[in-house]
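Let me begin by presenting the structure, written as structure tokens, before commenting on it.
The values are calculated or read from the model by the stated rules, or taken from the named source; none is laboratory data. Note that the structure is a prediction, hence the values are computed from the model and not measured. As a convention, Cβ positions derive from the backbone with ideal geometry for all residues, glycine included, and neighbour counts pool all protein chains shown.
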Amino acid sequence: MQLHSFFNSSTSYRIRIALALKRVPFDYVPVNIRTGEHRKGTYLDAVNPSATVPALTDCDFSLGQSLAIVDWLDARYPEPQLIPAESEHRARVLELSYLISCDIHPLNNLRVLKYLDTVLKVTPEQKSEWYKYWVTEGMSGVERLLSKYGSRPWCFGEQPTLADCCLVPQIANALRMGCNLDAYPLSMAVYRHASSHPAFDAAQPALQPDFVSP
Ligand SMILES: N[C@@H](CCC(=O)N[C@@H](CS)C(=O)NCC(=O)O)C(=O)O
């Protein structure tokens with residue numbers, strides 16, 4: 001199995017966590033999205049036509065979209081299940097995962113930030129304001145959901161789920177971009193708890209083979 005990944009990509013980070021939790025061995029295939037490797041050649045044609053990372057390849061099967069990948073991994077390697085089977089638990093996990101994946105991440109994605117830079121020609125300060133605004137909007141919702149429905153030490157109880165696979169990379173990115181997350185103590189408690197877990201540790205950007213320091 002091969003994971004096509006970029007060290008700083010939070011969506012790739014989700015899958016690195018999922019694979020580590022499930023102890024599925026894989027080869028790491030770096031795809032440099034800063035230089036546009038995801039937009040050309042075999043990667044675009046055969047691996048991930050949606051021109052993003054991550055993608056997972058298993059023999060002649062290739063799959064993009066991190067949430068679809070976790071769903072496929074759950075079907076193929078059920079232990080531990082990251083999208084729970086019980087209907088209400090499953091719905092809560094997906095609710096929080098979609099908030100991060102559909103409402104926060106796309107607004108702060110590389111291609112959006114590049115568009116702000118190159119087409120709309122905003123200043124670096126305006127770009128940073130954009131990033132922080134959408135993190136604040138999204139993380140406020142995450143924190144309210146955790147307060148209403150969550151239970152520690154993970155987002156939803158004693159076992160990590162897809163929600164934690166989404167939340168931890170989102171927080172790591174926000175911290176890297178200089179966001180102040182003091183207003184989200186429940187989210188930060190999950191993040192701190194994850195930092196002492198071997199699977200979450202192994203998945204962190206600084207430990208990936210394509211890591212370069214800023
Ligand atoms: N919904 C997709 C989003 C994938 C995505 O946008 N990944 C980012 C990296 S975190 C990317 O490839 N960006 C390239 C670009 O913006 O051009 C998923 O969950 O896999």
*Is it the case that V31 is in the same structural domain as V112 (by TED's automatic domain parsing) and buried (at least 16 other Cβ atoms within 10 Å of the Cβ)?*
no
*Enumerate the helices (runs of 4 or more DSSP H) found wholly within the stretch 92-207, keeping only those where 2 or more residues are closer than 24 Å to N32 by Cβ.*
110-118, 124-149, 162-176, 198-202
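Any chance the stretch 110-126 includes a residue that's of a type in the set (F, W, Y), in contact with a helix residue (DSSP H, G or I) (Cβ under 6 Å, 6 or more places away or on another chain) and at negative phi?
no
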*So which of G157, G141 is closer than 30 Å to A75 by Cβ, surrounded by 13 or more Cβ atoms within 10 Å (Cβ to Cβ), within 18 Å of the chain's Cα centre (by Cα) and away from the ligand (no atom under 14 Å from the Cβ)?*
G141
*Which one of these does R76 not meet: (1) assigned by TED's automatic domain parsing to the domain that holds A172; (2) touching an Asp or Glu at 6+ places or on another chain (Cβ under 9 Å)?*
(1)
*Filter result for Y98 (within 20 Å of E137 (Cβ to Cβ), hydroxyl-bearing (S, T, Y) and surrounded by fewer than 14 Cβ atoms within 10 Å (Cβ to Cβ))*: no
_Looking only at the stretch 1-11, and only at residues there that are under 23 Å from Y191 (Cα atoms) and part of a loop (DSSP other than H, G, I, E, B), the one that is farthest from the ligand (Cβ to nearest atom)_ = F7
*asked:* Restricting to the stretch 12-46, name every residue that is assigned to a loop (DSSP other than H, G, I, E, B) and either out of contact with any strand residue (DSSP E or B) (no Cβ under 6 Å at 6 or more places or on another chain) or within 13 Å of the ligand (Cβ to nearest atom) (or both).
replied: R23, V24, P25, V31, N32, I33, R34, T35, G36, K40
*Check the stretch 135-142 and report whether any residue there is of a type in the set (V, I, T) and touching a Ser or Thr at 6+ places or on another chain (Cβ under 8 Å).*
yes
*asked:* Give me the residue from the stretch 50-80 that is part of a loop (DSSP other than H, G, I, E, B), more than 10 Å from the ligand (Cβ to nearest atom) and touching a residue at least 12 places away in the same chain (Cβ under 8 Å) and, out of that set, nearest to G157 (Cα to Cα).
replied: P80
*asked:* Quick test of your reading of the structure: A85 fulfils all but one of (1) away from the ligand (no atom under 12 Å from the Cβ); (2) among the aliphatic types (A, V, I, L, M); (3) over 15 Å from I17 (Cα atoms); (4) surrounded by 15 or more Cβ atoms within 10 Å (Cβ to Cβ). Name the failing condition by number.
replied: (4)
*Determine whether the stretch 123-132 contains at least one residue that is surrounded by 14 or more Cβ atoms within 10 Å (Cβ to Cβ), over 18 Å from the mean Cα position of the chain (by Cα), within 16 Å of the ligand (Cβ to nearest atom) and farther than 24 Å from R92 by Cα.*
yes
*asked:* Among the residues of the stretch 16-25, are any touching a residue at least 24 places away in the same chain (Cβ under 8 Å), of a type in the set (V, I, T) and outside the structural domain of Q159 (by TED's automatic domain parsing)?
replied: yes
_Please pick out the residue among P185, P169, P153 that is over 21 Å from P84 (Cβ atoms) and not charged (D, E, K, R)._
P185
